[in-house]
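Visitor: Sharing a structure below in structure tokens format, with a few things to ask.
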Amino acid sequence: RGPAVRRPAQGGIGGRASRTRYGWTDRGSGERRTGSGRAVTTNYRHVVLLGDSIFDNAAYVGAGPDVIRQVRERLPAGSKASLCARDGSVTSDVRAQIDRIPADTDALVISAGGNDAIGHSGILDRPAHSSADVFDMIFQLGELFLADYGRMLARAMERELPVTVCTMAMVPACAMEE
């Protein structure tokens, strides 16, 4: 069992806060409140975004702000954010991104998995003799994805930095501390 991964947000306070395993985080100030409501300051100096086009989205937003710009605008003064995510990356690519994070990084945010799913969308066109065959194919792909996702999370956790995961995927239980 390694360090805990923050679980997905479970609602919020006034649209500015997200519930994490550790309590509530105010996205504007970086202030965290524990489950008992005690304020805890979590001003990261250097946040790094890893993954795919969920973060590396400048090509898709036209004149609007891309994700890295929005993150930089919301960080406390003196903090910075780096974009190591690359449009088109699959989960296995994120491991290489992790290996290239700047030395002064003190928090990682990861979004990955969508391109893995797109890469396997051809499964929908494959012939099958029964619905059981279809479910078996999907299950096998899911198992491969979860193993790869777990390896990616393990690589991130090796850095012994806070890791926030933004995902629609089921995160492997072995990668999460209960």
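The values are calculated or read from the model by the stated rules, or taken from the named source; none is laboratory data. Remember, predicted model here, so these are calculated numbers, not experimental data. All Cβ positions, even for glycine, are placed from backbone atoms using ideal geometry, and neighbour counts span all protein chains on display. Ligands, DNA and RNA are stripped out before the accessible areas are found, and what is left, the full protein with its side chains, is counted by its heavy atoms. Shrake-Rupley method; radii C 1.70, N 1.55, O 1.52, S 1.80 Å.
Visitor: Please report, in Å, the Rg and the Dmax of the range 78-121, where both are computed over Cα atoms only.
Guide: 12.2, 43
Visitor: Could you tell me the accessible area of residue 160 in Å² (1.4 Å probe, neighbours in place), rounded to the nearest ten?
Guide: Ignoring ligands and nucleic acids, residue 160 comes out at about 150 Å².
Visitor: In terms of solvent-accessible area of protein heavy atoms at a 1.4 angstrom probe, what is the ranking of 166, 84, highest value first? Don't skip to the answer; put the middle values down first.
Guide: Details: 166 55, 84 25 Å².
Ranking 166, 84 by accessible area, largest first, yields 166, 84.
Visitor: Principal axis extents for the range 77-157, Cα atoms only, whole Å, descending order, please.
Guide: The Cα atoms of the range 77-157 stretch 59, 22, 20 Å along their principal axes.
Visitor: Using the heavy atoms of the protein chains and a 1.4 angstrom probe, tell me the accessible area per residue for the range 49-178 in square angstrom.
Guide: Working: 7380 Å² over 130 residues.
Normalised by residue count, the accessible surface of the range 49-178 is 57 Å².
Visitor: With +1 on the Cβ of every Lys and Arg and -1 on the Cβ of every Asp and Glu, and nothing else charged, how large is the dipole of the range 92-148 about its Cα centre, in debye rounded to the nearest 20? Walk me through the intermediate numbers first.
Guide: On the way: 3 positive and 10 negative charges, 20 e Å.
So the magnitude is around 100 debye.
Visitor: Using the basic label-point model (7 angstrom from Cα toward the beta carbon), what is the residue 124 to residue 92 distance in nanometres?
Guide: 2.4 nm
Visitor: Given R₀ = 30 Å, what would the calculated FRET efficiency be for residue 137 paired with residue 59, taking r from the Cβ atoms and rounding to 0.05?
Guide: Numbers: r = 32 Å, r/R0 = 1.07.
For R0 = 30 Å, the calculated efficiency reads 0.40.
Visitor: Next question. Taking the Cα centre as origin and putting +1 on Lys and Arg beta-carbons and -1 on Asp and Glu beta-carbons, what dipole magnitude results for the range 41-90, to the nearest 20 debye? Write down the numbers at each step before the final one.
Guide: Values: 6 positive and 5 negative charges, 56 e Å.
So the dipole magnitude of the range 41-90 works out to roughly 260 debye.
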